[in-house]
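Reviewing the structure listed below.
The values are calculated or read from the model by the stated rules, or taken from the named source; none is laboratory data. For clarity, every value in this text was computed on a predicted model and none was experimentally measured. Ideal geometry is used to build each Cβ from the backbone, glycine not excepted, and the neighbour counts take in all protein chains shown. Note: areas computed on protein heavy atoms with side chains; ligands, DNA, RNA excluded. Shrake-Rupley method; radii C 1.70, N 1.55, O 1.52, S 1.80 Å.
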Amino acid sequence: GISKFAKPTMIKDLDKAPYPLYQPMPEGRLLFGKVFMLEVERGCPFRCYFCAMPQMRQMITHRSLSNIKEIIDKGLEINKRNKVLIYSPSFAHPQKKEILRYLLSKKVEFSIPSIKVELADEELLDLIRQGGQRTLTVAPECNEKLRPALGKPMKDELFYNFARMANKFDFETIKMYFMIGLPGQEEQDLKEMMDFIKEMKKISKHKIYASINPFVPKPMTKLADMKFDKTKVKRHAAYLKKELGKLGMRFKLASVSNYHNQWLLGKAEKLPLKD
């Protein structure tokens, strides 16, 4: 068996790592369609307390632009794809704009992951829209007051400025991720979160979509010891369902029971037979 003292090997130079250029896709309907998956970096420069990434990979490494161009050329040719899906924890590559410009020069569409508003500017949003993407995704997580406790000390104004920039381009939707059941989160925090959503809806000329997910403490993170209070999370979910319904906007509330089971699995505890 594998020794409990085994340590994962971390590749420091991604250019020297083999890349899965041949990417067969199953038949049938796929979420992103038949795309070529493009990895541009590993790790994340941000240190959100709820995220396992800093523990999994404490350093961030980027592929060189020349290596990325070579992968794009070969990958598109081998797989005969006309769309590229960039996967990255934060798309913080220092030459991200050059990567997108190269994809545009290849006349293929592309999709990027959730955007860090701290890294966004009008030029980047313009390139994203040219690549065919119609939805921008950001992760405010909660109200401004609570964000520092998650390792995301970002002001609401950053998101408001992002919405104003996005107004200059014809996107369809701004999707926002939020969490409920966070450490120290109370009804006042939810009210402030609703005020934030209302302001985003007021500023943006695009549709606003909210995805609400229960917070699941991950093992080995700074918030690993937090409990999943199912009763409290259900109360939060009911409050937001009512308030978001009043706004007449699209939103999704994830299953509290499913996320509670995720927490139990993370703690290696026996799942309940019934909800």
Legend entry - Among (1) within 15 Å of residue 114 (Cβ to Cβ); (2) in contact (Cβ under 8 Å) with a residue 60 or more places away in the chain; (3) open to solvent by 30 Å² or more (accessible area, probe 1.4 Å) - the single one residue 158 does not satisfy: (2)
Legend entry - Among (1) within 19 Å of residue 232 (Cβ to Cβ); (2) out of contact with any Pro (no Cβ under 8 Å at 6 or more places or on another chain); (3) open to solvent by 30 Å² or more (accessible area, probe 1.4 Å); (4) aliphatic (A, V, I, L, M) - the single one residue 149 does not satisfy: (2)
Inset, instruction - Considering every residue within the range 208-219, establish whether at least one is at pLDDT below 95 and either aromatic (Phe, Trp, Tyr) or open to solvent by 50 Å² or more (accessible area, probe 1.4 Å) (or both). - result: yes
Legend entry - the range 111-134 residues that are without any contact (Cβ under 8 Å) to a residue 60 or more places away in the chain, paired with ones that are β-branched (Val, Ile, Thr) and crowded, with 19+ Cβ neighbours inside 10 Å (beta carbon under 6 Å, 6 or more apart): 112/86; 115/138; 117/138
Inset, instruction - Name every residue in the range 244-256 that is over 22 Å from the mean Cα position of the chain (by Cα) and not basic (Lys, Arg), in order of residue number. - result: 245, 247, 248
Inset, instruction - Residue by residue through the range 107-146, note down the ones that are open to solvent by less than 20 Å² (accessible area, probe 1.4 Å) and of a type in the set (Val, Ile, Thr). - result: 108, 112, 115, 117, 128, 138
Legend entry - Filter result (in contact with a Ser or Thr (Cβ under 8 Å, 6 or more places away or on another chain), open to solvent by less than 40 Å² (accessible area, probe 1.4 Å) and over 20 Å from residue 153 (Cα atoms)) within the range 44-90: 84, 85, 86
Legend entry - Residue identified as closer than 30 Å to residue 168 by Cβ and among the charged types (D, E, K, R) among 218, 230, 201, 242: 201
Inset, instruction - Scan (1) in contact (Cβ under 8 Å) with a residue 12 or more places away in the chain; (2) within 19 Å of residue 46 (Cα to Cα); (3) in a helix (DSSP H, G or I) for the single condition residue 233 breaks and write down its number. - result: (2)
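So which residues in the range 43-71 are hydrophobic (A, V, I, L, M, F, W, C) and at pLDDT below 85, if there are any at all?
To start, the set of residues in the range 43-71 that are hydrophobic (A, V, I, L, M, F, W, C) comprises 44, 46, 48, 50-53, 56, 59-60, 65, 68, 71.
Answer for the range 43-71, where residues must be hydrophobic (A, V, I, L, M, F, W, C) and at pLDDT below 85: 52, 53, 56, 59.
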Inset, instruction - Residue by residue through the range 13-42, note down the ones that are surrounded by 10 or more Cβ atoms within 10 Å (Cβ to Cβ) and at pLDDT below 90. - result: 25, 30, 32, 33, 34
Inset, instruction - Determine whether the range 126-142 contains at least one residue that is within 16 Å of the chain's Cα centre (by Cα) and of a type in the set (Gly, Ala, Ser). - result: yes
